[in-house]
Amino acid sequence: MKQKISGTAAGVILGIVGLAVLALPLCAQTNFNMDEKKLIENHKRANPLYLDGAKLFAKGDLDKAEKKIHAALEIMPEHADATYVLAQIQLKRKDLPRALAFILDAKKNYAFIAGFHTFTHQQYLDRLRQQRQSLEAQRMQILDNISRLPAKGRSESTPGTQAIARSIQEIDQRLSQPVPPTFEIPADYYFIHGNVLFQMGKRVEAEAEYQEAIRVDPSHGRAYTNLALVLFSLGRYQEALDCLLRAEGSGVQVNPEFKRDLLEKIPRQ
């Protein structure tokens, strides 16, 4: 024999489920674990210092820019963009070994932060799926409990089940959103890396970095220009000319003397 549940008992059940439904948005928005929360907090504190340093660097004040950037990195050593600016500062000073070390750190840190965020987003999706399963189980339990009520007080839809249905629909909408694309190291990181290597005389390695910059951003005119210089130095004149034409096509003003020298080399091959 099925045990009958009183209207008061049914109301208590629906009330408890209602509290769970009201709590859902708060749970669903907990996208970050404790480690990432700390990173975010550190970023909030460090980023103004980084922005000040970047502005000072743009104005050519390398010493003050460096102090600001170091202050930012003391708070958040993983701040990839700050390390990227440090690499440029050392490149301006012609301290190539330090510039190389900083740009390598910047790329490593950028990949770390990106991977951390992607991993946390997957955790968020997993939590949404678990919440959906829990809500669906609650909805089925309510419907089962309602089925035990006297026919007079029975209803296939209640405020509780309606609220659960809305929450499930919201979760489904969130789950249907595409996973953010994998964060990719910016083209300018590869560009600066290529500049450091080129000035160190490592032309083959520099070529690879410029090619990566172009792969990430096919409109990166400066990367095309510098790649043309590398290819010219390697005696690959036709490829260099192709890159120079791509640079011009992207709006970069190329050195007319370099272009003329390059054109003179083509027929001799």
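The values are calculated or read from the model by the stated rules, or taken from the named source; none is laboratory data. Since this is a predicted model, take the numbers as computed values, not measurements. Cβ atoms come from the backbone with ideal geometry, glycine included; neighbour counts cover every protein chain shown. Please note that ligands, DNA and RNA were not included when accessible areas were found on the heavy atoms of the full protein model with its side chains. Shrake-Rupley method; radii C 1.70, N 1.55, O 1.52, S 1.80 Å.
Details
- Among the residues making up the stretch 241-250, those that are under 16 Å from Pro218 (Cα atoms) and assigned to a helix (DSSP H, G or I) are Asp242, Cys243, Leu244, Leu245, Arg246, Ala247, Glu248, Gly249.
- Failed item in (1) in a helix (DSSP H, G or I); (2) within 17 Å of Arg203 (Cα to Cα), with Asp261 passing the rest: (2)
- Near pairs, Cβ below 7 angstrom, 6+ apart or cross-chain, from the stretch 129-141 (within 9 Å of Ile168 (Cβ to Cβ) and among the hydrophobic types (A, V, I, L, M, F, W, C)) to any residue that is surrounded by 14 or more Cβ atoms within 10 Å (Cβ to Cβ) and modelled with pLDDT of 80 or more: Leu135/Ile164; Leu135/Ser167; Leu135/Ile168
- Looking only at the stretch 96-149, and only at residues there that are of a type in the set (Phe, Trp, Tyr) and modelled with pLDDT of 75 or more, the one that is surrounded by the fewest Cβ atoms within 10 Å (Cβ to Cβ): Phe112
- A Cβ distance below 7 Å, combined with a sequence gap of six or more or placement on separate chains, defines the contacts here; from the stretch 230-259, residues that are within 17 Å of Ile214 (Cα to Cα) and of a type in the set (Lys, Arg) reach residues that are in a helix (DSSP H, G or I) and open to solvent by less than 70 Å² (accessible area, probe 1.4 Å) in the pairs Arg246/Tyr224.
- Restricting attention to the stretch 204-240, the residues that are in a helix (DSSP H, G or I) and touching a Ser or Thr at 6+ places or on another chain (Cβ under 8 Å) total 2.
- Of all residues in the stretch 211-241 being over 22 Å from Val196 (Cα atoms) and surrounded by 15 or more Cβ atoms within 10 Å (Cβ to Cβ), the one that is nearest to the chain's Cα centre (by Cα): Leu241
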